[in-house]
Each structure stands twice: as C-alpha cells, then as structure tokens.
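Structure provided below as structure tokens; questions to follow.
The values are calculated or read from the model by the stated rules, or taken from the named source; none is laboratory data. In this text the structure is predicted, and so the values were computed from the model without any measurement. Note that we place each Cβ from the backbone using ideal geometry, even for glycine, and neighbour counts take in every protein chain shown.
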Amino acid sequence: MLQWQIKEMSRDHLEQIMEIERKSFPTPWTRSMFIYELTSPISFNFVATMPEGRSELVLGYIVFWMVRGEVHILNLATHPSFRRLGIARSLLLFCLDFSYKKGGVLYQLEVRKGNRAALNLYKKVGFAPWEIRKRYYADTGEDAIIMRLFFGDRTFDQNSYGQPFLP
Ligand SMILES: CC(C)(COP(=O)(O)OP(=O)(O)OC[C@H]1O[C@@H](n2cnc3c(N)ncnc32)[C@H](O)[C@@H]1OP(=O)(O)O)[C@@H](O)C(=O)NCCC(=O)NCCS
C-alpha cells in the first residue's frame, strides 16, 4: 500500500509541483505564484510526499488562505500517476483539521462545473454547492461552482467531516 506524509511546501518542491501543475490545469499557476504563496502570511501550503531514493517524490499539494475564521482553498492537485489513491482527500482533510484547530469556521472553494473528479471529492468531505458564477474561468468560459463547508456549531470529528453550508 502506498504511504505518504504531509509536510509544509518549500521551494525545493517547486520543480515537481510545476510538472504536476502543467499536467493538471488548462491555465497552470506559474512558479512565481507559488513563491508568492510561500511568502504570504495568510497562505498555507502543504505537499504529500513519499521517499524516492535519497530524495522525495511530490504526490500532491494543497494551497489555502486563512483569514480569521474563513478558509479559502486555492489550489489542489495530485500527480497524474498517483490519482484515485486517496491523496487529495487526505490533503483536504489535513487542511480542514489544521485550520479548524486555528479557528476555521467557513471553508470555500471554486471548481469548474465540468470537473467531476473534484466535485465528487469535495462532496465526499462535506462541501456543498453554494452558488454558480457564470463564465468565471476566462480560459475556457466555463462556469464555476462555489462550494462551502461550515464548521460553525459542531466539534470537528474525523468520521464526520462537517456539515454542508446550505443557504
Ligand atoms: C481532483 C483530483 C485532485 C483528485 O485527486 P485524487 O488524489 O485522485 O483524489 P482521491 O483519490 O483522494 O479521491 C477521493 C474521491 O474523489 C472522487 N474522485 C476522485 N477522482 C475521481 C474521478 N476521476 N472520477 C470520479 N470521482 C473521482 C471519488 O469520490 C474519490 O473517492 P473513491 O476513490 O473512494 O471513489 C485530481 O484528479 C487532480 O489533481 N485533478 C486535476 C487538478 C484539479 O482538478 N484539481 C481540483 C481543482 S478544483
């Protein structure tokens, strides 16, 4: 069984992250966007890695902002050769746990309407559609689904990932 660990992202991971990024998105983030996130006080950046010889292989990563109780997930991707193994789910759960402990209450993200893999993943951890932003993505003209998860009035529990934030 594949095992990985989740740790803070550093500049040493960026070369591998850029490879994954280019294979994962129609408009990939640039290296300087990641460097900006690594220096921002409101940005939290983590990677899932496993040992590979003397170095390590980046399997996936997550970037999120936290401002007071609000958490915004900005980027999440898994290496194309290691998908469907639970890596993105574990990164998301790590993000929820980490930010909940720091006072996170409301979690939000945007996802392309046609991204079935990501929609399923987010629903699985408790996010629910909140609103649709028409033609939000400039590259393809696709709509964005804004999804939210609310932890306002209950204790975080690994077996029950929170309540959808319904209107
Ligand atoms: C979306 C993405 C991050 C999922 O990563 P992953 O590590 O393969 O996801 P997981 O293995 O943790 O999957 C967890 C659940 O998500 C759903 N899911 C993941 N991939 C799926 C797919 N291809 N089709 C349908 N559902 C999928 C399933 O419910 C899955 O649970 P299951 O395997 O028990 O059925 C990955 O496909 C990816 O990097 N895509 C390109 C970048 C991207 O779209 N990022 C999200 C931007 S909003």
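Taking the range 100-125 as the search range and keeping residues that are small (Gly, Ala, Ser) and at pLDDT below 95, which one is nearest to the ligand (Cβ to nearest atom)?
Step one: filter the range 100-125 for residues small (Gly, Ala, Ser), giving 103-104, 114, 117-118.
Subsequent filtering for residues that are at pLDDT below 95 retains 103-104.
Numbers: Gly103: 24, Gly104: 18 Å.
Checking each candidate, the answer is Gly104.
Given the conditions (1) within 14 Å of the ligand (Cβ to nearest atom); (2) touching a Lys or Arg at 6+ places or on another chain (Cβ under 9 Å); (3) more than 18 Å from Asn115 (Cβ to Cβ), and given that Met50 satisfies all but one, which numbered condition is not satisfied?
In the conditions (1) within 14 Å of the ligand (Cβ to nearest atom); (2) touching a Lys or Arg at 6+ places or on another chain (Cβ under 9 Å); (3) more than 18 Å from Asn115 (Cβ to Cβ), Met50 misses (2) alone.
May I ask you to say which residue of Leu121, Leu106 is over 15 Å from Phe25 (Cα atoms) and buried (at least 17 other Cβ atoms within 10 Å of the Cβ)? Steps first, please.
Values: Leu106 fails: buried (at least 17 other Cβ atoms within 10 Å of the Cβ).
So the residue among Leu121, Leu106 that is over 15 Å from Phe25 (Cα atoms) and buried (at least 17 other Cβ atoms within 10 Å of the Cβ) is Leu121.
With the structure loaded, tell me whether Ser81 is within 26 Å of Leu14 (Cβ to Cβ), free of Cβ contacts under 8 Å to residues at least 12 places away in the same chain and more than 10 Å from the ligand (Cβ to nearest atom) or whether it fails that test. Walk me through how you get there before you give the answer.
Details: within 26 Å of Leu14 (Cβ to Cβ): yes; free of Cβ contacts under 8 Å to residues at least 12 places away in the same chain: yes; more than 10 Å from the ligand (Cβ to nearest atom): yes.
Judged against the criteria, Ser81 is a match.
Which of the residues spanning the range 67-101 are within 13 Å of the chain's Cα centre (by Cα) and in a strand (DSSP E or B)?
Val71, His72, Ile73, Leu74, Asn75, Leu76, Ala77, Thr78
Moving on. Quick check on my filter: what residues within the range 1-41 are β-branched (Val, Ile, Thr) and either surrounded by 12 or more Cβ atoms within 10 Å (Cβ to Cβ) or at pLDDT below 95 (or both)?
Applying the first criterion (β-branched (Val, Ile, Thr)) to the range 1-41 yields 6, 17, 20, 27, 30, 35, 39.
Within the range 1-41, Ile6, Ile17, Ile20, Ile35 meet the criteria.
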